[in-house]
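As structure tokens, the structure follows; a few thoughts come after it.
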Amino acid sequence: MPKYLTQEWLDEARKLAESQPERPGASVRMQYVVTGAPDGGDIKYYWVLENGKLLESKLGELPDAEVTLTQTYDDSVKVQKGELDANTAFMQGRVKVTGNMAKLMSLLPLTNAPEYKQLQQQTQEITEY
């Protein structure tokens, strides 16, 4: 079982995401920064989403990211486990956003789609926290 926020985990989650339906216009280059990881550092990873399909999911930095999301490790785990809604975390200021806010806002409805909820559940099942 892959450990949360490792490249192995990102690879497995991307494979699960292959079943997501195409969503024209749902495209973004998104950087994530997770602060206060158990090893004492920050973890950076990124996604490249094109028309609802996750093309890339890698550790590291994306130089031309359109949106950057920053959150604590604890909140990241809670969102991943479904204990904290991503939209609620954003509204409460627990997720800091820089970059193209309009692009991010256009993608938020996808997080309520049944297919996305199923993907989140499947990802939880393969994750070691």
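The values are calculated or read from the model by the stated rules, or taken from the named source; none is laboratory data. Worth saying up front: this structure is predicted, and the values here are computed from it rather than measured. Note: ideal-geometry Cβ built from the backbone for every residue, glycine included; neighbour counts use all protein chains shown.
Quick one: is Pro38 in contact with a Gly (Cβ under 9 Å, 6 or more places away or on another chain) and over 23 Å from Asn100 (Cβ atoms)?
Judged against the criteria, Pro38 is not a match.
Met91 versus (1) loosely packed, with under 14 Cβ neighbours inside 10 Å; (2) within 15 Å of Gly52 (Cα to Cα); (3) among the aliphatic types (A, V, I, L, M): which is the lone unmet condition?
(2)
Out of (1) within 19 Å of Thr6 (Cα to Cα); (2) surrounded by 12 or more Cβ atoms within 10 Å (Cβ to Cβ), the odd one out for Val67 is which?
The one condition Val67 does not meet is (1).
Does Gly36 satisfy being more than 24 Å from Gln122 (Cβ to Cβ), surrounded by fewer than 17 Cβ atoms within 10 Å (Cβ to Cβ), over 12 Å from the mean Cα position of the chain (by Cα) and modelled with pLDDT of 95 or more?
Against the criterion (more than 24 Å from Gln122 (Cβ to Cβ), surrounded by fewer than 17 Cβ atoms within 10 Å (Cβ to Cβ), over 12 Å from the mean Cα position of the chain (by Cα) and modelled with pLDDT of 95 or more), Gly36 qualifies.
Of these, Glu83, Glu22, which one is touching a Gly at 6+ places or on another chain (Cβ under 9 Å) and assigned to a loop (DSSP other than H, G, I, E, B)?
Of Glu83, Glu22, the one residue that is touching a Gly at 6+ places or on another chain (Cβ under 9 Å) and assigned to a loop (DSSP other than H, G, I, E, B) is Glu22.
Picking from Glu22, Glu125, Glu61, Glu50, which residue would you name as being surrounded by fewer than 17 Cβ atoms within 10 Å (Cβ to Cβ) and either free of Cβ contacts under 8 Å to residues at least 12 places away in the same chain or of a type in the set (Lys, Arg) (or both)?
Result of the check over Glu22, Glu125, Glu61, Glu50: Glu125.
Within region 35-60, track down each residue that is farther than 14 Å from Leu10 by Cα and touching a strand residue (DSSP E or B) at 6+ places or on another chain (Cβ under 6 Å).
Scanning region 35-60 gives Thr35, Gly36, Ala37, Asp42.
For region 104-129: of the residues being touching a strand residue (DSSP E or B) at 6+ places or on another chain (Cβ under 8 Å) and assigned to a helix (DSSP H, G or I), which is farthest from Gln31 (Cα to Cα)?
Leu107
Could you grab me the full set of residues in region 96-129 that are closer than 18 Å to Asn51 by Cα and of a type in the set (Asp, Glu)?
Of everything in region 96-129, just one residue is closer than 18 Å to Asn51 by Cα and of a type in the set (Asp, Glu), namely Glu115.
For region 111-122, give me the residue count where each residue is under 15 Å from Val79 (Cα atoms) and either among the polar types (S, T, N, Q) or touching a residue at least 24 places away in the same chain (Cβ under 8 Å) (or both).
8
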